[in-house]
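The values are calculated or read from the model by the stated rules, or taken from the named source; none is laboratory data. Computed from a predicted structure; not experimentally measured. Reconstructed Cβ throughout: ideal geometry from the backbone, glycine too, with neighbour counts over all protein chains shown. Ligands, DNA and RNA are stripped out before the accessible areas are found, and what is left, the full protein with its side chains, is counted by its heavy atoms. Shrake-Rupley method; radii C 1.70, N 1.55, O 1.52, S 1.80 Å.
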Amino acid sequence: MTRRSPTADAAVPPADDGTPPRRPRRTDPDRRDRIIDACLDVIAEVGVAGASHRRIAQAAGVPLGSMTYHFAGIDELLHEAFTRFATTVSAGFERRMAAATDLASARDAVAAIILDDVFGTQRDQVLTHELYTLAAREPQYRALTTAWMARSRAALERHFDPQTARLLDALIEGLTIHYALDDMPRDRDEVALAIARVTAGAVADVAPRVVRPLS
């Protein structure tokens, strides 16, 4: 006769009404985050147009039903994914500018943002252009890019007056897109010269700024 371990019954006590005990449900607390990250990977590979529920679920390694459980629809998932992307890029932008201690290092930080950060990888280039395309048509994505630009300008205003910060923000956007679409190699001297000219008459402004979160 085989004896049951006393801990087996203790782990899953029988129900009072005699029904079989329920086994503990398996949990996957990181599933939602994995879906969002997989959504960005899929967009980088095939664009927003090709980012279907099925493709994203496969990339995340989750059942297809998980998509509708965690997100009301593909629009909600796309917005959360792009919010995560924009927040990540903004955080890197802010770290660069926060580390600068004077005008020279602030200019170097801007150059690093242009040459190494914003479009540092092909994946980030594609995601940024896909977001811009959506923002050109959809108000909810326009609000996202507007908040992104506001955070960028606030970070720049650690070291530059508001007008110069706005011009620098436009320079960063323009040069990064230009370098992303041009086959010519990025010219660090050209970038440094452009930044120096834009900031030649800059007024230092290092007052603390309130940065609103992306939403």
Seminar exercise, completed: If we keep only residues of segment 178-204 that are crowded, with 16+ Cβ neighbours inside 10 Å and at pLDDT below 85, then the residue farthest from Phe82 (Cα to Cα) is Ala202
Problem set entry | Members of segment 112-131 found to be modelled with pLDDT of 90 or more and exposed (fewer than 14 other Cβ atoms within 10 Å of the Cβ), listed by number | none
Problem set entry | In segment 76-123, residue nearest to Thr164 (Cα to Cα) [restricted to those that are without any contact (Cβ under 8 Å) to a residue 60 or more places away in the chain, touching a helix residue (DSSP H, G or I) at 6+ places or on another chain (Cβ under 8 Å) and of a type in the set (Asp, Glu)] | Asp117
Exercise. For Cys39, which of the numbered conditions (1) assigned to a loop (DSSP other than H, G, I, E, B); (2) closer than 21 Å to Gln140 by Cα; (3) not polar (S, T, N, Q) fails to hold?
Worked result: (1)
For this session: Determine, yes or no, whether Arg142 is open to solvent by 60 Å² or more (accessible area, probe 1.4 Å), among the basic types (Lys, Arg) and part of a helix (DSSP H, G or I).
Result: yes
Exercise. In segment 54-76, what count of residues is obtained for those that are within 19 Å of Glu138 (Cβ to Cβ), of a type outside the set (Asp, Glu) and open to solvent by 30 Å² or more (accessible area, probe 1.4 Å)?
Worked result: 2
